[in-house]
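Report on the following structure.
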Amino acid sequence: MPHHTHDGIDWSARLHAMRRYGSLQSEALSAVARRLVSLLPDSPVVMDVGCGAGSMSVQLASALREHGGGVLVLVDATPELLDAACTAARTEADGAVSIKPVLADLASEDPLSFAGPVELIWGSRVIHHLPDQLRGVKRLVEALAPGGWLALAEGGLETRFLPWDLGVGEPGLQDRMAAARADWFVSMRENMKGSARLPVGWNVALADAGLGEISAFSFLVDHPAPAKHLVREWAVDRLTWLSEITGPYLHPADRDALRRLLNPSDSEYVGAREDVFLLETDTVHLGRRR
């Protein structure tokens, strides 16, 4: 049976797509990991919550190895993803970093008590999938050692990957999908059991959770056209997912356009187009436990 989390998404089914996406993010995530690990003392304990397929786990393992070693705790609620992340991180750690997998749900009563004080917790696009986001942030803060850092990658700019006029349907399809995805996201959160709104920005949420020295920085992932094969594979993954979640919110003409773009036999198949690309900016919100 597929494993569904609070958001109703079968994340294990997205493992291969997440790996492809992580490959395209690797250079940017490497720089972020080194920036964060440089803040830490010797032999730190670092935690990657909602580690997914291990895109950042690998980069944190590499940064810790260069830092002289430490412990990397990987936390996810989906067994298949946790196994994949641990395998990848152990290969990168090369024996210099201890990798500790933990199958746990951040929204459960006590998922992080095993870890002890942690010098850095990283979470990418995980908090917004929890019913009570502020409570989730507070639980992470509780796991931090005094002086430890919480880094949450949440928000940024809308990911772009399609030309404005695709020659299929009306121009501006990606913009309409972005609006439909926002409607889906609201519905997804409203349908979570115990869902609570977070009506503030992430800097305020970190302050409300008790952190100080709050700041933010953004990083860019840029793979321009003409697209290499991996970008086109990722574009198919992305468009397939968007079509699944936005379909009910789109005009029938847009759904027809998506069917053409996702049909390998069609002349407009997105996986064969050289004008797709990947451009995104993610923001990391950073705070320190007093």
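The values are calculated or read from the model by the stated rules, or taken from the named source; none is laboratory data. Just so we're clear, the structure is a prediction, and the values are computed from it rather than from any experiment. All Cβ positions, even for glycine, are placed from backbone atoms using ideal geometry, and neighbour counts span all protein chains on display. What goes into the accessible areas is simple: the full protein's heavy atoms, side chains included, and nothing from ligands, DNA or RNA. Shrake-Rupley method; radii C 1.70, N 1.55, O 1.52, S 1.80 Å.
Within the chain, DSSP assigns beta bridges of which about 45% are antiparallel (rounded to the nearest 5).
Solvent-accessible area of the chain (1.4 angstrom probe, protein heavy atoms only): carbon and sulfur portion equals 51 percent. Under the classification rounded if a/c is under 1.5, otherwise prolate if a/b is larger than b/c and oblate if not, where does segment 210-290 fall, given a ≥ b ≥ c as square roots of the Cα gyration tensor eigenvalues? In terms of gyration-tensor shape, oblate. Other residues whose C-beta falls under 9 angstrom from the C-beta of Q59 contribute a net charge of 0, scoring Lys and Arg +1 and Asp and Glu -1. Note that segment 272-289 has calculated 3J(HN,Hα) couplings of 10, 7, 8, 9, 7, 7, 9, 9, 8, 10, 9, 10, 9, 9, 10, x, 10, 6 Hz, one per residue in order, obtained from phi through the Karplus relation 6.51 cos²θ - 1.76 cosθ + 1.60 (θ = phi - 60°); glycine and proline are x. Taken about its Cα centre, the chain carries a charge dipole of roughly 380 debye when the Cβ of each Lys and Arg holds +1 and the Cβ of each Asp and Glu holds -1.
From the square roots a ≥ b ≥ c of the eigenvalues of the alpha-carbon gyration tensor of segment 230-274, which class results: rounded (a/c under 1.5), prolate (a/b over b/c), or oblate? Here segment 230-274 falls in the oblate category. Solvent exposure of the chain, expressed per residue, is 45 Å² of accessible area, with all protein chains present and a 1.4 angstrom probe. Taking a sphere under 12 Å around the Cβ of R232 and counting the other residues whose Cβ falls inside, with K and R at +1 and D and E at -1, yields a net charge of 0. Starting from the Cα gyration tensor of segment 190-232, take the square roots of the eigenvalues, sort them a ≥ b ≥ c, and report rounded, prolate or oblate (rounded when a/c is under 1.5, otherwise prolate if a/b is larger than b/c, else oblate). It comes out oblate by the Cα gyration axes. One Cα centroid belongs to segment 58-127, the other to segment 226-281; the line between them spans 32 Å. Stretching the chain fully between S187 and R255 yields a gain of 22.5 nm (0.36 nm per residue, less the alpha carbon separation).
Highest mean packing first, where packing is the average number of other Cβ atoms within 10 Å per residue, the peptides 121-130, 277-286 line up as 121-130, 277-286. For segment 85-221, the spread of Cα positions along the three principal axes, ordered from largest to smallest, is 54, 38, 30 Å.
Among (i) 56; (ii) 42; (iii) 69, only one was calculated for this model; which label is it, if the read-out is percent of Cα pairs over 27 Å apart? Computed from the coordinates, percent of Cα pairs over 27 Å apart corresponds to (ii). Considering only T240, A182, L198, the residue lying farthest towards the positive end of the dipole of segment 177-245 is T240, judged by Cα position with unit charges set on Cβ. Ratio of Rg to Rh for segment 149-200: 1.11 [Cα atoms; Kirkwood radius as inverse mean 1/r over pairs].
A simple spin-label model places the labels of S218 and T281 0.2 nm from each other, with each point 7 Å out along Cα-to-Cβ. Each Lys or Arg adds one and each Asp or Glu subtracts one; over the other residues with Cβ under 13 Å from the Cβ of A179, this totals -2. Taking amide hydrogens as placed 1.01 Å from N in the peptide plane, the amide H of V73 sits under 5 Å from those of V46, M47, D48, K100, each at least 5 positions away in sequence or on another chain.
Which order do the peptides 214-225, 142-153 take when ranked by the mean count of other beta-carbon atoms within 10 Å per residue, highest first?
Listed from highest to lowest mean packing, they are 142-153, 214-225.
By the helix-only formula, in which each DSSP H run with n ≥ 4 contributes -39500 (n - 2.57) and the sum is divided by residues, the chain has a 222 nm mean residue ellipticity of -13000 deg cm²/dmol.
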